[in-house]
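See below for the structure under consideration.
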Amino acid sequence: MLQKREKVLLLRTFQGRTLRIVREHYLRPSVPCHSPLCPQPAACRNDGKLLSSDVTHYMIPDWKVVQDYLEILEFPELKGIIFMQTACQTVQHQRGRRQYNKLRNLLKDARHDCILFANEFQQYCYLPRERGESMEKWQTRSIYNAAVWYYHHCQDRMPIVMVTEDEEAIQQYGSETEGVFVISFKGILNVNKHRAQIEAFVRLQGASCKDSGLVSDILIHGMKARNRSIHGDVVVVELLPKNEWKGRTAALCENDSDDKASGDPPSEPMPTGRVVGILQKNWRDYVVTFPSKEEVQSQGKNAQKILVTPWDYRIPKIRISTQQAEALQDFRVVVRIDSWESTSVYPNGHFVRVLGRIGDLEGEIATILVENSISVVPFSEAQMCEMPVNTPGNPWKVSPEEERERKDLRETHLVFSIDPKGCEDVDDTLSVRTLANGSLELGVHIADVTHFVPPSSYIDTEARTRATTYYLADRRYDMLPSILSADLCSLLGGVDRYAVSVIWELDRTSYEIKNVWFGRTIIRSAYKLFYEAAQELLDGNVTVVEDIPELKNLDTKSRQAKLEELVWALGKLTDIARHIRAKRDRCGALELEGVEVRVQLDEKKNIHDLIPKQPLEVHETVAECMILANHWVARKIWESFPHQALLRQHPPPHQEFFSELRECAKAKGFFIDTRSNKTLADSLDNANDPNDPIVNRLLRSMATQAMSNALYFSTGSCAEEEFHHYGLALDKYTHFTSPIRRYSDIVVHRLLMAAISKDKKMEIKDNLLSNKDLEELCRHINNRNRAAQHSQKQSTELFQCMYFKDKDPENEERCISDGVIYSIRTNGVLVFIPRFGIKGAAYLRNKDGLVISCGSDSRSEWKPGSLQRFQNKITSTTTGGESVTFHLFDHVTVRISVQASRCHSDTIRLEIISNKPYMIPDTELFQQSSLLLKSDLVKEVTRSVEEAQLAQEVKVNIIQEDYQKYCQTKGRSLYTLLEEIRDLALLDVSNSYVM
Amino acid sequence: MAGLELLSDQGYRVDGRRAGELRKIQARMGVFAQADGSAYIEQGNTKALAVVYGPHEIRGSRARALPDRALVNCQYSSATFSTGERKRRPHGDRKSCEMGLHLRQTFEAAILTQLHPRSQIDIYVQVLQADGGTYAACVNAATLAVLDAGIPMRDFVCACSAGFVDNTALADLSHVEEAAGGPQLALALLPASGQIALLEMDARLHEDHLEQVLEAAARAARDVHTVLDRVVRQHVREASILLGD
């Protein structure tokens, strides 16, 4: 008979009081199960709809899945769906009547093979909600429990699949009961860049399917299996039976080569599947190139529809209907995909706008921006109106109200900044002094951007969209308008600025942190130093004083006093930083080959130099202070807002990714212990070849590649043990010190301010983001950061290519260089060229099947033969019996050339011309840092572009002179106008021109 | 919570019962020794306590005495903690007066009052927890208490409420179902004869449906009778064991 249970609900009334409501809940031993497999149909009273008996499994969607993907579940193709009552009730409560009625109709409809199982009224399925258990957890638990009961009810004859999005649930229940599978069916399609035609991978989102035990990616082989999905789409994948699984190919191959029948035996088979549905499309604007004239003709006369080739290899060709294919031939064009018919091989799209000519610097840069979805329109008027004014006539001043509220450090502290030369956006300053009680006081003062950027203002919205300042090889796109980034928020020397400070009190000798203070301050930076000068001062070289404008104009005596003060502060700071660093090193902080590039600007705001961190100690000092500030702020905001703080995590890497690193190191006789960050750091330090410093650098960069990226996240969406920052060996970390160029820092500033007002028991002024919103924002910022990195990398490559493009690879000395082999593939090797910082592939077997061979003079030639690949070497044997072997870390001589590509970006090609290291006649050149050359390279390319522009201007000048000479009408004549239009080729004017 | 679904497509009510099913009833008789009769009843989460004194001489004004039958005096009260919101309910408010009146009418019809002329029978009912169907619980508790007091009755008086949702009559409404605002009917039945002691309904209901709702309520009342009958027999058995017969 019925069993009575009680449910206790706590409701909040409109007056804000809590109401305790006790509801009865009756359970019964049997509710209709609607299954043809039911062993006691009489007890279950299965009237009405039954599940069909020909299905292979029953599917039970989790409440979240029912809520969010009801449209998918409505497909008549999906059979054997059991909706749990728990799930239906959440739909009713959270999605409203409309959605619920849809679900009801679905259940009523006899054509749909789905039923409702009233699990909450079933004696054995009902689980009371436990104390402190969240509603979501309870729902998932109930549904799982009911699924298990149902499975046993059908006498274990029908496997049951519970579909959920909750990764924890998969973890927890995935392998609990035999025959009940818990899966998630989402993954993001990731098309392999190098073998776009045949291979694609789907990374599962937290999937664990216990019968196959698959944790790796799923291979999607061929365009057909990809089923019209495009790179970046969220797709549903069906696994193929094991005998159809394929392996991935390890051979190097070129994108445009069509022969896929490479004879290499594929590596071991991996899970292979095919796409059965696209959950979310990720279509964006694509940059494409129209086919050249010859190709158009080959496409047939009635070429109203034209196949254009996207710049990104991973995107299939797009069909466009246009009349102007010929006119648009030489341009990079933006198109959008509209649809993809199931009967078609290619998607349909339409033309949007022209970016620029192929090969033109501006056009190519615009291409990179569009491809990374970076939009950098100038700031709008509405946005600029929100900005404070600072003109010589109307200078910006510290307002008296702010003066009252903020701690004034202008008179008491010696504040200074250390930045690269010519840096405009100074967002961090430092101070150190001795307190009256003998302790030391260290301060990090960060520009108070949030004071000028109120939440949800126009400028805030724009900054959030940009999320970061984008640095390309030759330019940058700011996140905030220059009035803030270069003026009011920049902590320049000698002016009053608002700041947010973190001030520690340290023990005088042991440098233990005794106390910390966070708050808003007013500072006046005394010195704006640059790294080199600071280092000189530290080293006791005082001549550099001439370079410090703040000291230049003082008389000798006061200069001496001030200088001593500054040098003491710098010295103390370095000391403290060393101490903190050592402490962090003991925990296993890694020092890796970073790609952190600082941009140096000259007076005209052009990029003067791309300077990687020169190994000066003062760099480390500043970085260490910033890490310390970030760490303490992270702790503070996490303590105040444990569920909605923005932190930065760096998950520990997967051990299997390190296998390549370990192999490579073994080739050189080093042992790399990757078990923890500490052992990794130590063994990387030890893996130093005295003869070849590049080995260590390569190993470090390989270690970096093996690691996962650091990411922003919201603390509410992660377990606490996942907060750890692997690389820095800190338990909590965030970004706080660069609010001018990172939006995450702005969010952290707001959180910190809220935390301070919470401590003071004041009302929190700004509305903080909820965990869900913050998570969304983190995803956006991470995404943008990735785009920024990609665009920076792509623009660097662009410059490299443009640099080598004009050189004749046969004769030019610069095109021949020394390279180091860092990876072996079946038909070639990957080579790193330290001089230019280029990484690339060099083939040992060319397209005609000939292999490389090096004679006694070590010059290489192509001869017929075969290749044999070993663990860390590759041997090429010609039919004549000669053989040559390349080992890992061998130095070879390579010739650099550019492989021009019309539709895509140009690529660097490497060709091994000798198996001996390249000896540069001019040893001086060799000594030069490779990266200095990189900046030279950017300069040279920019210059040549400028020259080309200049030439054009000259042409215009000549025309103007002509005007004067022949007294033609001022302004542009129709002729030049038409000529220009023809150049732009936006309109098909050629006919009218003839007329 | 947008529009709670009182009856699902599968025929379940909010608390898991089907349309005609009663809530769980538990009852005890003779809970107080001082009173002549007493009983405690739980119908789901509705809990009521009834106490009966009498028949005894008229107390207070003698003028109230009836020459041919006993005076039935009913008083209803509900505890401050009986509802979700704690609220003081003073004696003599409109609701308890009305309830007292209904109870009196019910029991005047059931008790053989002519056997005790010029005397008085007091029935005090207190609701300890209200979760729908308070009238029914009060009547059922009072019936048991009157039986416990040994006052002769024509029959049990069994009461039950019924509502009407989606063309279906629901028996024994809970608070949630009552609060939803549909028609609600209270019925007190003398089950053996099928006579109606009291029938009360405030809301509007189409004439065509009345039959159906009435039928559901009557059936529920008979079910209640089965339970109460069992309780009485159990009580008598226990009492006779104690007396040592």
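Considering only DSSP states other than H, G, I, E and B, which trypsin sites (Lys or Arg not before Pro) in the range A:1-108 qualify as loop sites with at most 10 other Cβ atoms within 10 Å?
Sites meeting the loop and neighbour criteria: A:Arg17.
Among the listed pairs A:Lys583/A:Lys678; A:Lys636/A:Lys760; A:Lys528/A:Lys552; A:Lys4/B:Lys24; A:Lys572/A:Lys636; A:Lys4/B:Lys87, give every one whose C-alpha distance is greater than 18 Å.
Violating the 18 Å Cα-Cα cut-off are A:Lys572/A:Lys636; A:Lys4/B:Lys87.
Counting only other residues whose beta carbon sits under 12 Å from that of A:Lys732, what net charge do I get with K and R as +1, D and E as -1?
Result for the local shell: -2.
Report D for the range B:114-245 in µm² per second (integer): Stokes-Einstein, Kirkwood Rh on Cα pairs, 37 °C, 0.692 mPa s.
204
Test of the criteria: in the range A:345-443, which trypsin sites (Lys or Arg not before Pro) are in a DSSP loop and have at most 15 other Cβ atoms within 10 angstrom of their Cβ?
Of the trypsin sites (Lys or Arg not before Pro), the ones in loops of the range A:345-443 whose Cβ has at most 15 other Cβ atoms within 10 Å are A:Lys397.
Shielding of B:170-182 by partners, i.e. mean partner chain Cβ atoms within 10 Å per residue?
Counting Cβ atoms of other protein chains within 10 Å of each residue's Cβ and averaging gives 1.
Can you pull the mean other chain C-beta count within 10 Å for peptide B:37-48?
Average neighbour count from other chains, rounded to a whole number: 1.
May I ask you to list the GluC sites (Glu not before Pro) in the range A:308-377 that are in a DSSP loop and have at most 13 other Cβ atoms within 10 Å of their Cβ?
Here the sparse-neighbourhood loop sites are A:Glu341.
Label-point separation (nm) for A:Val352 and A:Glu167, each offset 7 Å from Cα along Cα-to-Cβ?
The modelled label-to-label distance comes out at 3.1 nm.
Any of A:Lys732/A:Lys839; A:Lys407/A:Lys514; A:Lys793/A:Lys873 with alpha carbons more than 25 Å apart? Name them for me.
Too far apart for the 25 Å limit: A:Lys732/A:Lys839; A:Lys793/A:Lys873.
If you fit an axis through the alpha-carbon atoms of helix B:94-110 and take the longest principal axis of the Cα set of chain B, what angle between them do you get, 0 to 90°, nearest 10?
Rounded to the nearest ten degrees, it is 70.
Which net charge results when you count Lys and Arg as +1 and Asp and Glu as -1 among the other residues whose beta-carbon is under 10 Å from that of A:Val55?
After counting each charged neighbour, the total is -1.
Hey, if you put +1 on the Cβ of every Lys and Arg and -1 on every Asp and Glu Cβ in the range B:64-206, which of B:Ile123, B:Leu205, B:Ala142 ends up farthest toward the positive end of that dipole?
Most positive-ward Cα: B:Ile123.
Using just the Cα positions, wrap the range B:21-243 in a convex hull and report its mean projected area in square nanometres, one decimal place.
That works out to 13.0 nm².
For the residue pair B:His206 and A:Glu74, what label-to-label distance in nm results when each label sits 7 Å from Cα along the Cα-to-beta-carbon direction?
For the pair B:His206/A:Glu74, the computed spacing is 3.1 nm.
In square angstrom, what is the accessible area per residue of the range B:21-243 with a 1.4 angstrom probe?
Per-residue value: 48 Å².
I'd like the interface area for chains A and B: accessible area of each alone minus the complex, both sides summed, 1.4 Å probe, protein heavy atoms only. What is it in Å² to the nearest 100?
2200
How many partner chain Cβ atoms sit within 10 Å of a residue's Cβ in peptide B:13-20, on average, as a whole number?
5
What order, most packed first, do the peptides B:150-163, A:574-587, B:79-92, A:327-340 have when packing is the mean number of other Cβ atoms within 10 Å of each residue?
Most protected by this proxy first, the peptides run B:150-163, A:327-340, A:574-587, B:79-92.
The values are calculated or read from the model by the stated rules, or taken from the named source; none is laboratory data. A quick note: this is a predicted structure, and the numbers were derived from the prediction, not measured. Cβ atoms come from the backbone with ideal geometry, glycine included; neighbour counts cover every protein chain shown. Remember, those area values only see protein heavy atoms, side chains included, never the ligands or the DNA or RNA. Shrake-Rupley method; radii C 1.70, N 1.55, O 1.52, S 1.80 Å.
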